[in-house]
Amino acid sequence: MKHLPPGKIPIDILKEVVFKNLGATRKEVTLGPAPGVDGAVIDVGGKSLIVSMDPITGAVERIGYLAVNVNANDVATFGVEPIFLFSCLLLPQGADRKMVDAISSQMSRAAKDLGMAIVGGHCETTPQLAHPIVVGCAMGITEKGKYVTAAEAKPKDKLIMTKTAGIEGTAILAWDRENELRKILNSPQLKNAKDFYSKISVVKDALNACRIGGVHAMHDPTEGGVAGGIHEMADAANLGVEVLQEKIVVEPETAKICDHFKLDPLQLISSGALLVAADPVFANKIVENLEYQNIQATIIGEFTAKKEQRLLKKEGKTQRLPRPKSDHLWKALTRQ
């Protein structure tokens, strides 16, 4: 039997296996598991509870910081402020008090910055585990029905992207492959690449975009990068998309790291960027507002009704938008 690739499991297995084994049906569940949708909606009385879960598996440095922000991002893409976090810390054999303190203190600082309370979870040492893994579950509360999802993009919606491609992947590799990257990056460039962690949150991006109006869908491109995130939005809405590659910003540090490891920056984990499907009437206003808030934003494409057409246009040429089989971060981390 064929082994699964690192990272997210293929979407066909997700649909054919995982989504067919969901336990009992509950009337409170307004939105359950679906391709491209990174959270659930549970209605309780007059409120909607937004819940999302994500693990941090490919990073060692600042793993606690990432766990908080990546999970908070998923709730924020519903246009809802994340306020609660559960966490599960799986520690490798040989872990000590210092490791527990480092991860826990990172999580606490990140949660305080976002106004989130860490309300419970679990912590253990796990046999045969080589590196720590942190699984988070973030929650937000909103008025019933007052949210957006990743699945509601409409034909002719403009596709807006904040910040740049490969943010999280750049930071992870700058820390975890520092010695190797010193050969191609000077000290200021390496420091800048490490500091990409400071760009990981999209909470401000998402909440500000929603305040303007005209936002139909939002998604944060994590595993699979910008290309994977765009596919997930199109999958969820059953739409096609046309993307202008020259509009997607790639920072010099990201470009150099990707060139060194032979990675595609569009397929490198990109927590920190936000994808927004917006009514064409509002798209420029959203971009202007984000930039006024010092959040880099660009219109990079448009959704179309031709669901089979996922196109990437570059230098006058048109090709298929690549669909990552596995995030390109793993290509670098598993390279000997």
Exclusive hit being surrounded by fewer than 21 Cβ atoms within 10 Å (Cβ to Cβ) and closer than 27 Å to LYS325 by Cβ, set PHE282, PHE261: PHE261
Out of everything in region 64-85 that is over 22 Å from ASN208 (Cα atoms) and under 15 Å from the mean Cα position of the chain (by Cα), what residue ends up being surrounded by the fewest Cβ atoms within 10 Å (Cβ to Cβ)? TYR65
What's the number of the only condition in (1) under 19 Å from the mean Cα position of the chain (by Cα); (2) on the phi > 0 side of the Ramachandran plot that ALA237 fails to meet? (2)
Can you confirm whether THR25 is surrounded by 10 or more Cβ atoms within 10 Å (Cβ to Cβ) and either within 23 Å of THR142 (Cβ to Cβ) or β-branched (Val, Ile, Thr) (or both)? no
Considering only residues that are of a type in the set (Gly, Ala, Ser) and over 15 Å from ARG323 (Cβ atoms), which ones fall in region 225-258? ALA237, ALA255
Pair list, Cβ < 8 Å and 6+ apart or interchain, from region 25-37 residues that are polar (S, T, N, Q) to residues that are surrounded by 13 or more Cβ atoms within 10 Å (Cβ to Cβ) and not in a loop (DSSP other than H, G, I, E, B): THR30/VAL41; THR30/ILE42; THR30/ASP43; THR30/SER48
Considering region 132-156 alone, what residues qualify as being at negative phi, surrounded by fewer than 18 Cβ atoms within 10 Å (Cβ to Cβ) and in a loop (DSSP other than H, G, I, E, B)? LYS144, LYS146, GLU152, LYS154, PRO155
Selection from region 114-145 of residues that are aliphatic (A, V, I, L, M) and in contact with an Asp or Glu (Cβ under 7 Å, 6 or more places away or on another chain): ALA138
I'd like to check something: does region 242-259 contain any residue that is more than 30 Å from TRP175 (Cα to Cα), assigned by TED's automatic domain parsing to the domain that holds LYS204 and of a type in the set (Val, Ile, Thr)? yes
Please enumerate the residues belonging to region 299-326 that are more than 21 Å from ALA273 (Cβ to Cβ) and hydroxyl-bearing (Ser, Thr, Tyr). THR304, THR318
Looking at region 250-260, can you tell me whether even one residue there is more than 27 Å from GLY115 (Cβ to Cβ), modelled with pLDDT under 95, part of a helix (DSSP H, G or I) and in contact with a Pro (Cβ under 8 Å, 6 or more places away or on another chain)? no
ILE184 passes all but one of the listed conditions (1) under 18 Å from the mean Cα position of the chain (by Cα); (2) part of a loop (DSSP other than H, G, I, E, B); (3) more than 30 Å from LEU14 (Cα to Cα); the exception is number (1)
Report, ordered by the first and then the second residue, all pairs with beta carbons closer than 7 Å, sequence separation of six or more or different chains, a first member in region 313-333 that is farther than 16 Å from HIS3 by Cα, and a second member that is surrounded by fewer than 16 Cβ atoms within 10 Å (Cβ to Cβ). LYS314/GLU246
How about region 188-213: which of its residues are farther than 23 Å from LEU333 by Cβ and free of Cβ contacts under 8 Å to residues at least 40 places away in the same chain? PRO188
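The values are calculated or read from the model by the stated rules, or taken from the named source; none is laboratory data. Keep in mind that what you see is a predicted model, and the values were worked out from it rather than measured. Cβ: placed from backbone, ideal geometry, glycine included. Neighbour counts: every protein chain shown.
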